[in-house]
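Colleague: Dumping the structure here so I can ask a few things about it.
Every number here is computed from the coordinates shown, using simple stated rules; none is lab data. All of these numbers come straight from a predicted model, not from anything done at the bench. Here the Cβ positions follow ideal geometry from the backbone for every residue, glycine too, while neighbour counts run over all protein chains shown.
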Amino acid sequence: MRRLPILALPDFSKIFILETNATGTGLREILLQEEKPLAFWSKALSDRAQLKSVYERELMVVELAMKKGRHYLLRKKLLIRTDQRSLKFLNEQRLMSEEHFKWATKLIGYDFDIHYRPDKENILADALSRQFSFSAISLVQEEEWADWE
């Protein structure tokens, strides 16, 4: 019998890791702790969004991931792994387009560092790129609480 992968429960004393990947057709994010998945999201891009530059799509996926994982990430240390090298300097940029500025201001209040990770090493987020649409988040089921008593 084949079992589905189990999502881990978050430990708020440990650092969160967000792996992102933006392709020409979609956005993919995976939230991890100690390399164990906590949540993942995947979203198809509209025709208009597909026309945006790679940098804009990568910035879009980071902003979307922060929004979706807000309850995990606000006031917690976060490491973002992306295959877009120029995003590494997001916090140091002085000149931005109006749209870039709008996305960047949505990240204010989060404590994060962005690390470049070559595409071939960004395995988890890249694996989601092979699928069309996913979404999952870890939950504690009521019957699990009985085991803790």
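Colleague: Loop only per DSSP, at most 11 neighbouring Cβ atoms within 10 Å: give me the chymotrypsin sites (Phe, Trp or Tyr not before Pro) in the range 1-53, ordered by residue number.
Modeller: Answer in residue order: Phe12.
Colleague: With Cβ to Cβ distances under 12 Å as the rule, what net charge do the other residues near Asp111 carry (K, R +1; D, E -1)?
Modeller: The answer is +2.
Colleague: Continuing with the same structure: With a point put 7 Å past each Cα toward its Cβ, work out how far Glu99 is from Arg75 in nm, to one decimal.
Modeller: 3.5 nm
Colleague: What distance in nm separates the simple spin-label points at Leu51 and Tyr116, each placed 7 Å from Cα in the Cβ direction?
Modeller: The two pseudo-label positions are separated by 3.0 nm.
Colleague: Which cross-chain or sequence-distant (5 or more) residues have an amide H under 5 Å from the amide H of Arg81, H modelled 1.01 Å from N in plane?
Modeller: Amide H neighbours of Arg81: Leu18, Glu19, Thr20, His115.
Colleague: Check which residues have an amide H placed less than 5 Å from Lys76's amide H, if you skip close sequence neighbours.
Modeller: Amide H to amide H, under 5 Å and 5 or more residues apart or across chains, Lys76 pairs with Asp111.
Colleague: OK, next. If r is the Cβ-Cβ distance from Leu9 to Lys67 and R0 is 25 Å, what FRET efficiency results, to the nearest 0.05?
Modeller: Efficiency at R0 = 25 Å is approximately 0.70.
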